[in-house]
Amino acid sequence: MDDTLCGPYDGIILDIDGTIWNTTGIVAVAWNKAVEESGFDARKVTAQDLQREFGKPMNVIADDLWQNLLPQQREILLARCCTEEQIALRASSLHITYPNVLETVSSLSEHYSFYVVSNCQNGYVELMLEKTGLLPYIKDFECYGRTGKGKAENILMLKARAQLSFPLYIGDTQGDADACAQACVPFAWASYGFGSVDEGQCAAILRDFSDLKDILERRR
């Protein structure tokens, strides 16, 4: 989108998976435990499967992964997966946050307000903020699990609530870029993450999260 005449950004909205951290290795193990204990004829998942799926609403992920199950079975299994995921992530001591995320947000928070919008389930944002150390720097968040709405709608809800005029959204997938286009919000692609994106939809590209400093400096 052409945002050259809009001035500086007045807020930064972050995606989670593929932008802030990469939980897919831990989550794959947790979900497979849930699959084993469910008794359903459901296939197990790999970290690579989850990298292709993360960023979509949770019900869509379940539909993609377990097409052979009945809708009610998918719902039950997904709930078990989310429970095991939270237990595993809370217990993990692995460092899975991408380089320079915490340091960059901490430094820039003196001049910019940071937010989170994700397609994740309830409780995931709070757990991420606790595990990454980002809790003191995130002013507000919204997610699919809380509203049942898609990313574009949640971006608009948060934007209105925070009274933002021209925020920048940072994400890593084409779905993120499309949601930003629907919400008329500029999109910065975290190219180190999970997905590929039409670069024509990008207001900026981050090869490393610390690139955000230069991107914001050019807009001041």
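The values are calculated or read from the model by the stated rules, or taken from the named source; none is laboratory data. What you are looking at is a predicted structure, and each value in this text was computed from that prediction instead of being measured. So basically every Cβ, Gly included, is an ideal-geometry build from the backbone, and we count neighbours across all protein chains shown. Ligands, DNA and RNA are excluded from the accessible area calculation, which covers all protein heavy atoms including side chains. Shrake-Rupley method; radii C 1.70, N 1.55, O 1.52, S 1.80 Å.
For VAL60, the criteria (1) under 16 Å from the mean Cα position of the chain (by Cα); (2) touching a residue at least 12 places away in the same chain (Cβ under 8 Å); (3) open to solvent by 50 Å² or more (accessible area, probe 1.4 Å) hold in every case but one, which is (2). In the stretch 127-141, the residues that are among the β-branched types (Val, Ile, Thr) form Cβ pairs under 6 Å with partners that are not in a helix (DSSP H, G or I), at six or more places apart or across chains, as follows: THR132/THR97; ILE138/PHE114; ILE138/VAL116.
Answer yes if at least one residue in the stretch 34-42 is within 20 Å of ASP211 (Cβ to Cβ), open to solvent by 10 Å² or more (accessible area, probe 1.4 Å) and among the aromatic types (Phe, Trp, Tyr), and no otherwise. No; the residues of the stretch 34-42 include none that is within 20 Å of ASP211 (Cβ to Cβ), open to solvent by 10 Å² or more (accessible area, probe 1.4 Å) and among the aromatic types (Phe, Trp, Tyr).
Of all residue pairs spaced 6 or more apart or on separate chains, those with beta-carbon atoms under 6 Å, a first member in the stretch 175-197 that is farther than 20 Å from ASP211 by Cα and a second member that is of a type outside the set (D, E, K, R) and in a helix (DSSP H, G or I) are ALA179/ALA152; GLN182/ALA152; ALA183/ALA152; ALA183/ILE155; ALA183/LEU156.
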